[in-house]
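Just below is one structure, and these are the notes that go with it.
Any read-out appearing in this document is the output of simple, stated calculations on the displayed coordinates, not a laboratory observation. From a predicted model like this one, the values you see are computed outputs, not experimental measurements. Methodologically, a virtual Cβ is constructed for each residue, glycine included, from the backbone with ideal geometry; neighbour enumeration extends over all protein chains shown.
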Amino acid sequence: MHHYINSSNELLRRHGYRLTPQRHMILSVIQETKEHLSVEQITERVQRRNPYVSLSTVYRTLELLRELGLVRESHLVGESPRYESADGQAHHHLVCRKCHMITHLDDALLGNLHEKLQEQYNFHGLMLDMVAAGYCDSCWQILQQNEPHIESSRHLPESSVVPDE
C-alpha cells in the first residue's frame, strides 16, 4: 500500500496539490478494500478514523482523485457511483442484475482493443472501462425456477419475439 500512497503523493505534487491527511485517509480506505465503495461507504470508513471529515470533503477529494487518475469511478446499472483504486488503463466488470455481485474480468480478455482504438481513432489517454450486466449463476437458477418463461423471453432480441395472434 505504501507504494500506492507514495506514487499518489508524487502525482498530487506534480499537479500542485498536497497529500493532506484527509486525502491520505480516503486513498487508504480505497486501497485497503477489494470492493467497489460508494461515497457513503468511503465516508463511513474515513469517519471511523477521523469523525470530523465531512461528506463534502469526501466528494471533493474523490472528484480530484478521479480527475488525476488515482481512483476509478464505476457507474453500475441501477446503483450510485462506486470507487476503487485505479491501476492500468483497462478495467472490466461483470455485474449481476439481481444481487449486484461484481466480478473483475481479466484485462487481457479484450485483447489489444485499447491500442486499436487509440490507433484507429487517434484517441489519446484512453481509459477503457467495460461493464457487462447479466445474472450470476445463483441468481439465474433462482430466476429460472421462479419465472422460466419470462426470463427466457427477456433475453431474445425483440425482433425474434413473435406476438400472439
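Numbers below:
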item: Footprinting exposure proxy for ARG49, ARG97, ARG72 (fewest neighbouring C-beta atoms within 10 Å first); result: ARG49, ARG97, ARG72
item: Cut-off 15 Å between beta-carbons: net charge of the residues surrounding PRO81, Lys and Arg +1, Asp and Glu -1; result: -4
item: Sorted by Cβ density within 10 Å, fewest first, the residues TYR52, TYR17, TYR83, TYR4; result: TYR52, TYR17, TYR4, TYR83
item: Local electrostatic count at ASN9 - Lys and Arg +1, Asp and Glu -1, tallied over other residues with Cβ under 12 Å; result: +3
item: Difference of contour (0.36 nm per residue) and Cα-Cα distance, SER138 to ASP106; result: 9.4 nm
item: Relative exposure of CYS99, CYS139, judged by other C-beta atoms within 10 Å (fewest first); result: CYS99, CYS139
item: Counted charge near LEU19, where neighbours are those whose Cβ lies closer than 14 Å (Asp, Glu -1; Lys, Arg +1); result: +3
item: For segment 5-14, 3J(HN,Hα) per residue [Karplus equation, 6.51 cos²θ - 1.76 cosθ + 1.60, θ = phi - 60°, Hz, x = Gly/Pro]; result: 5, 4, 5, 5, 4, 4, 5, 4, 4, 4
item: Student exercise, segment 1-103 dipole from Lys, Arg, Asp, Glu Cβ charges, in Debye to nearest 20; result: 140
